[in-house]
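Have a look at the structure below before the remarks.
The values are calculated or read from the model by the stated rules, or taken from the named source; none is laboratory data. Here the structure is a predicted model, which is why all the values come from computation and not from measurement. So basically every Cβ, Gly included, is an ideal-geometry build from the backbone, and we count neighbours across all protein chains shown. All accessible areas refer to the heavy atoms of the entire protein, side chains included, with ligands and DNA or RNA removed. Shrake-Rupley method; radii C 1.70, N 1.55, O 1.52, S 1.80 Å.
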Amino acid sequence: MKCEMCHKAEAETAIRKGVEADAQELYVCQACARKAARRDAAAGTQAPVPQSGSDGMPPAPLMGMILDAAFEIVGRAISLSEPSCPVCGILRDEYRKRSRLGCPACYAAFAKELDTAVFELHRATQHVGKTPEKAKAAWQRQQLENALNDAVQGQRYEEAIALRDQLKKLAEQEGRQGEAV
Amino acid sequence: MMLSLDPGVHSKKTRAGIPADDIAMRCRVRLARNLADERFPDWATEHDRERVFGKVREALHAEAPGFRVESVAAFEEQDRDVLFESHLISKDLLERAAGGGVAYAPDSSICVMINEEDHLRIQGFSAGLDMLGAWQAADALDTRLERHLDYAWTPKLGYLTACPSNVGTGLRASGMLHLLGLRLVGEIESVVRGLERMRLLVRGIGGEGSEAAGQIYQISNMDSLGSDEAAIVRRVTRICAEVVQQEYNARARLIQESPMVLLDCLARSLSVLQNARLLATVEALEFLSAMRLGASLRLFTRLKVADVDKLILLMQPGHLQKGMGTALTSDERDERRSEFLRRKMASVRLKC
Ligand SMILES: [Zn+2]
Ligand SMILES: [Zn+2]
C-alpha cells in the first residue's frame, strides 16, 4: 500500500489525524510520519495525550516529567537524528509526548533513556519474579541469533559454529517441551 | 439528644463484630501482558488490534472455556457503564476503538481486558483484603494463557508494557478502602501522605482530584519492578491492613471523643437521602458513604453495610438506567436517583 500523504513511498506506519471522535487513521511512510509529527508538535495539536492509566498511575503530564527528566540526563549524549524504533517506527519524541511506547522492541531501541526512566519509576533496574518459559527460550534464541550474525559478519567462524550448535540444542529442547505440553 | 451507646462496650463489640470487610471493601490484582511481535494498542492500527483480539480470544477459548469473551464495540452503552461501574473494566478500555474486548468468568472473579493500554490486563478480584487469592487466580490464568501466546518478556525488565511504569511483574495490587472515619477526625491527608512516602499510589474512586468521593480510596503499589509478585502482594496487603486498623481507631475515637460530629454527619446524610428531589451521582455517593459508616457501627435500624454497597452500585448511571429499562438524560437520572434512594431509605432510622 502506498503512503496516503505523499502517494509515492510504501506506507509503513499509521498515524492519527484530528482529535478524539473524528480522528482519522492514515497509513503513511516514515518520512511523512515524521513530518506530520513535527507539524503537530509545532501547532500543538498532536494526538490526544492518553489520560492516567485505568489503575491510578501518575497522570500523563507527571509521567512525561519523569521521562523528560530521564532524557535531560542522557538526552544530550544521543544525537537528535537517532530517531526511531526499527520495528514499529515511532520516534522518540512521539512516545515521550504520549508516555506510551510503540512496541516491545522500543525497549531495546530506546534502552539508554528508558533505563534511567525505569529506575526513576521503580527504584529498581532488574526484574525479579515470574519467568515465562516460552518467552525466556525465545529471548535466548534471539540472543544467540544476534551473536551468530555478529560472528559470521566478523568472520569468526569457530565461534559461529559453536553458536549454531547452541541454537540447535535450544530448538531440540523446545521441541521436547512442545510435545510434553 | 444523648448518645446512648457506651463507648467502651461499643468498641469492644465492634472489634469483634465488625468484619474488616466493612472498611476493606474489595481488592484487585492485575497483570499487564503484551504479545512479543505486536505494537502496543495505542500505536496499533485497527487491523492490528483486531488481530490481537483474535489471538487472545483463541487462547481464552482453549484455556478458559467458561469465560464470556466480548468485543467492547458490540456492547450497548448501558452495558458498558454497568461493567465499568462494577469495576470490572476501565473507562480507558471503553474509550478505545476497534479491538477492545473483555473476557470474564461467570462469577466475575476474573476479568481480562483486551487492548486496553496493554494487550492483556488479567485482573483477579476478591473480597476484603484477599489480594493473595486474587493474585493466585490471575496468575493461574496467566500461566495457562502463556501456552498459547508469545509474551514480550526479557530477563532484565520482565514483562514489557506500553508504559515503562508497569514493566517487571506487570503487577498492580490494589485495595479499595472506605476511610470516612479518618476524614472525620481530620487525619486522612496525613495518612495519604504517609502512604505516598512508602511509594504507594492512592487514588479516590469516582472523585475528582485528590479528594475521593465518598472517601473510598484505592491503594496500590507504585513499583512493579524489583520485587517478586508474592512480595508485592504481601506488602500491599499488609499496608492496607494497617490503614484499616487506623480507620478502625479513628472510628473508635469518633465515638468516644466527638460522638456529635459523627451523629450529625449521619443524621444529615439520612435526611438528605430521605428528602432530596435531585441527586447527582457524586453527591449521592457522599451521603451513602456516611450511611455506610453508620451501618457499619450499627447506628441505623434496618440498614446493613451490604445494603449500602448495593445501593452505591445501583444508583450509578448505567445500573440506574438498566434498572429503569430505559435511557435517561442526566437531569432525569438525578430525579430518578433521588426517588430510588428516598424509597430505599424511607424506613431507616438513626438509633440515637
Ligand atoms: Zn509519504
Ligand atoms: Zn517500537
Practice problem: Please enumerate the residues belonging to the stretch B:56-65 that are open to solvent by less than 50 Å² (accessible area, probe 1.4 Å) and in a helix (DSSP H, G or I). | Solution: B:V56, B:A59, B:L60, B:E63
Self-check item: Subset of the stretch A:95-107 (residues that are within 14 Å of A:A33 (Cβ to Cβ) and either within 16 Å of ligand 1 (Cβ to nearest atom) or at pLDDT 80 or above (or both))
Solution: A:G102
Quiz item: Pick from the stretch A:88-99 the residues that are facing another protein chain (nearest Cβ under 7 Å) and open to solvent by less than 10 Å² (accessible area, probe 1.4 Å): which of them is farthest from ligand 2 (Cβ to nearest atom)?
Solution: A:S99
Quiz item: If you check B:R203 against the conditions, is it at pLDDT below 95 and either closer than 18 Å to B:L297 by Cβ or open to solvent by 30 Å² or more (accessible area, probe 1.4 Å) (or both)?
Solution: yes
Quiz item: Tally time: how many residues in the stretch A:109-140 are within 25 Å of A:R16 (Cβ to Cβ), small (G, A, S) and under 13 Å from the mean Cα position of the chain (by Cα)?
Solution: 1
Quiz item: Out of (1) at positive phi; (2) facing another protein chain (nearest Cβ under 7 Å); (3) surrounded by fewer than 16 Cβ atoms within 10 Å (Cβ to Cβ), what's the single condition that is false for A:Q155?
Solution: (2)
Quiz item: Tally time: how many residues in the stretch B:304-352 are on the phi < 0 side of the Ramachandran plot and not in a helix (DSSP H, G or I)?
Solution: 14
Exercise. Search the stretch A:26-37 for residues that are on the phi > 0 side of the Ramachandran plot and pair each with any residue that is among the acidic types (D, E) and more than 16 Å from ligand 2 (Cβ to nearest atom) when their beta-carbon atoms are under 6 Å apart and the residues are at least 6 apart or on different chains.
Key: none
Quiz item: Among the numbered criteria (1) within 14 Å of chain A (Cβ to nearest Cβ); (2) open to solvent by 50 Å² or more (accessible area, probe 1.4 Å); (3) charged (D, E, K, R); (4) at negative phi, which single criterion is violated by B:D223?
Solution: (2)
Exercise. Take the residues in the stretch B:66-116 that are acidic (D, E) and touching an Asp or Glu at 6+ places or on another chain (Cβ under 6 Å), then tell me which one is surrounded by the most Cβ atoms within 10 Å (Cβ to Cβ).
Key: B:E116
Self-check item: Condition met for B:R234 (part of a helix (DSSP H, G or I) and within 14 Å of chain A (Cβ to nearest Cβ))
Solution: yes
Practice problem: Please determine, by comparing only the residues of the stretch B:66-107 that are part of a helix (DSSP H, G or I) and of a type in the set (K, R), which one is nearest to B:L120 (Cα to Cα). | Solution: B:K91
Quiz prompt | Tally of residues being open to solvent by 20 Å² or more (accessible area, probe 1.4 Å) and in contact (Cβ under 8 Å) with a residue 24 or more places away in the chain across the stretch B:169-200 | solution = 7
Self-check item: Check on B:A173, in the same structural domain as B:E58 (by TED's automatic domain parsing), in a strand (DSSP E or B) and among the hydrophobic types (A, V, I, L, M, F, W, C)
Solution: yes
Self-check item: Search result, residues across the stretch B:251-296 that are surrounded by fewer than 23 Cβ atoms within 10 Å (Cβ to Cβ) and not in a helix (DSSP H, G or I)
Solution: B:S258, B:A276, B:R277, B:L278, B:A280
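Conditions (1) over 24 Å from B:L88 (Cα atoms); (2) in contact with a Phe, Trp or Tyr (Cβ under 6 Å, 6 or more places away or on another chain); (3) not in a helix (DSSP H, G or I), marked per residue:
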site	(1), (2), (3)
B:G181	yes, no, no
B:E196	yes, no, no
B:D223	no, no, yes
B:A241	no, no, no
B:N249	yes, no, no
Quiz item: In the stretch A:100-116, which residues are of a type in the set (G, A, S) and more than 9 Å from chain B (Cβ to nearest Cβ)?
Solution: A:A109, A:A111
Quiz item: Inside the stretch A:100-129, can you point out the residues that are in a loop (DSSP other than H, G, I, E, B), more than 15 Å from ligand 2 (Cβ to nearest atom) and open to solvent by less than 40 Å² (accessible area, probe 1.4 Å)?
Solution: A:A124, A:H127, A:G129
